[in-house]
Amino acid sequence: LIATSDIECGLNERGYQVTRLNTYSTEPAVWDDKMYERAKQTTIVTFASPSAVRVWADRVNTNIPAVCIGLTTRNEAEKLGFRTVASPNSPGLSGLADLILEFVTKRSVDGNSASFQERY
């Protein structure tokens, strides 16, 4: 898997000459049976890329809250059916960590993620 061509096409449409360089590819990690079982027991999942969202949705499910690093990843999670999706106002690790902490704190206080879900 590689990045989408959205930026490349958008620049071409505006008259820019673009030379695409695929400097990396994204490949799903290999999971063993123990990893699958642990994933199925997860109460929250975090994502830093749309490709990670696609792999999770394909392998596990979309029935748990997802905290995403930014809007592009959030959009992919929503598109694939995650019911509760949160992302920081500004993309980045700091905001991602804050949202994870908020979820874990609320869950430990009220025993579920309802208040977190209502907010997002």
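The values are calculated or read from the model by the stated rules, or taken from the named source; none is laboratory data. Being a predicted model, the structure only gives us computed values, none of them experimental. We place every Cβ from the backbone using ideal geometry, glycine too, and count neighbours over all the protein chains shown. In case anyone asks, the SASA skips ligands and DNA or RNA and just uses the protein heavy atoms, side chains included. Shrake-Rupley method; radii C 1.70, N 1.55, O 1.52, S 1.80 Å.
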Notebook entry, point to check: For the range 40-61, which residues satisfy the criterion of being closer than 22 Å to D98 by Cα and hydroxyl-bearing (S, T, Y)?
Noted result: T42, T43, T46, S49
Item checked: Single condition R74 does not satisfy, out of (1) more than 24 Å from T105 (Cβ to Cβ); (2) open to solvent by 30 Å² or more (accessible area, probe 1.4 Å); (3) part of a helix (DSSP H, G or I) -> (1)
Check: In the range 77-115, which residue that is in a helix (DSSP H, G or I) and at pLDDT 95 or above is farthest from the chain's Cα centre (by Cα)?
Finding: K79
Item checked: In the range 12-53, the residues that are part of a helix (DSSP H, G or I) and within 14 Å of the chain's Cα centre (by Cα) -> P50, S51, A52, V53
